[in-house]
1. Against the longest principal axis of the chain, how steep is helix 366-378, in degrees 0 to 90 to the nearest 10, with axes from Cα atoms?
2. Once a ≥ b ≥ c are taken as the square roots of the eigenvalues of the Cα gyration tensor of the stretch 32-94, is the result rounded (a/c under 1.5), prolate (a/b larger than b/c) or oblate (a/b not larger than b/c)?
3. Compute the acute angle (0 to 90°) between the alpha-carbon long axis of helix 239-249 and the principal axis of greatest extent of the alpha-carbon atoms of the chain; round to the nearest 10°.
4. How big is the dipole moment of the stretch 58-187 about its Cα centre under a simple scheme where the beta carbon of each Lys and Arg is +1, that of each Asp and Glu is -1, and everything else is neutral? Debye, nearest 20, please.
5. What is the P(r) of the stretch 328-375, as percent of Cα-Cα pairs per 10 Å bin from 0?
6. From the square roots a ≥ b ≥ c of the eigenvalues of the alpha-carbon gyration tensor of the stretch 150-236, which class results: rounded (a/c under 1.5), prolate (a/b over b/c), or oblate?
7. Expected output is a single nm value to one decimal: the length gained when fully extending between Ala482 and Val2, i.e. 0.36 nm times separation in residues minus the C-alpha distance. What is it?
8. Calculated FRET efficiency, Asp276 and Ala122, Cβ-Cβ r, R0 25 Å, to nearest 0.05?
Amino acid sequence: MVCLVTGASGYVGGRLVPRLLEDGRQVRCLVRNPEKLRDVPWRDQVEVVRGDLLREGDVTAACDGVEVVYYLVHAMAESGFAARDRRAALLMGQAARETSVQRIVYLGGVHPAGEQLSEHMASRAEVGEILLRSGVPTVVLQAAVIIGSGSASFEMLRHLTERLPVMVTPRWVANRVQPIAVRDVVHYLVEVSRLPSSINRTFDVGGPDVLTYGEMMRRYAVVAGLPPRRMLSVGVLTPWLSAQWINVVTPVPKSVGRPLIESLIHEAVCSEDDIDELVPRPEGGLTGYDRSVELALRKVRNAEVETRWSDAAPSDAPSDPLPSDPAWSGGTVYADVREGSSQVAPERLWRVVEGVGGEHGWYSSSLLWAVRGALDKLSGGVGLRRGRRDAQRLRVGEALDWWRVEELVEGRLLRLRAEMRLPGRAWLEFTVEPDGTGGSHYRQRAVFVPRGLAGHLYWWLVAPFHGVVFGGMVRNVLRVAAEK
């Protein structure tokens, strides 16, 4: 069976692909930037094609020769996302029909019937309806909160519970939720592709526990070994205010946090369990909530997180490569270049470079980095708290605090592209080279391409801090490498 996976660089898609391979499927991945999948463990076992879901030709070509399409994409932008999602779903339905695809599988969200939904939830429901009406047999799986290491829902829950022993909570924390483990979601995604072509419908999928969100936080605290959490419900906390608070307290930015909160305004409980009549449950049964939290925490602590919510880059993230020529595109390019030498072997220095960010920090003024990260969060950016997937190893395409790994040449080059809110585009590049005497040469380059007058002003306003930030980084990277 040949399967096309859209959203393979995202949280669920990145976990589904290896499970499909284990099941003996041939997998094709449609991505805008194939480089994002360059370093994933299963890259050599799949076909990767470049394409955009909003381009008819790209979608049709990707569907050619495919039996099952997994549609695992959903825009999280602040505006215009519904129209883009609608067009992408229509193009996928048309392409699947014209190329004789036998099954479409879409992952949506549990929502109550007959109630006014948030714009994001309504868009997800609309996408499901479009695919169901496409003329291609479609299964729409509707899940509530997905619990798993690295999921946005889990990270929001984890950071709220761990950081706030006493919480002033909005009314929606009393709404019932039926969480499901990510492993069970992937199980259902794999299995529904085997259903007969006569089945064209939605199925609600959920775990064995129905809890309020408040109960989920309290039980998380028990599993994590934390003291009991206290909650005081205040009705005036709107979804907008809640999103601002989550933006400050957790690594989840408000552009992602607000849709998650809006999905909890209504109760998210399965209205039917018809899937049980057609698909066997996972071996050992569905994973309970406490066990899901325990498994997720174990993976976080053991640095075994497969994918994270931040793996999917924002749709408005810059995609152009680093400009290496100062006259690139005929515009201004600012650069801060600093170099240093070390007597340690290049391999030893590289371990420090590849471990940058996350719990290791940025080897310079922690206060300045924290202030800049806080300002970015307050302006709606991602801030510094996205951290790292793995404390020691990086791969192309993954998020690292407010950066994304754009290029990685093992032992020699690390290039990061900024995803903070800036009046321009920025990169930070580290290079390690042998010096011919057994030591190392270290080169560090920060590049900024300004956008308009604001971009030029920004560079000159922050330039006085470069000596502390970038100069300190060079000195401390070399020092830490010498001490290791």
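1. Roughly 40 degrees between the two axes.
2. oblate
3. 40
4. Result for the stretch 58-187 is approximately 280 debye, rounded to the nearest 20.
5. 17, 34, 32, 17
6. Taking the square roots of the gyration eigenvalues as a ≥ b ≥ c, the stretch 150-236 is prolate.
7. My answer for the length gained is 167.7 nm.
8. 0.35
The values are calculated or read from the model by the stated rules, or taken from the named source; none is laboratory data. Predicted model only: the values in this text are computed from it and were never measured. Cβ atoms come from the backbone with ideal geometry, glycine included; neighbour counts cover every protein chain shown. Just the protein is used for accessible areas: all its heavy atoms, side chains included, with ligands, DNA and RNA removed. Shrake-Rupley method; radii C 1.70, N 1.55, O 1.52, S 1.80 Å.
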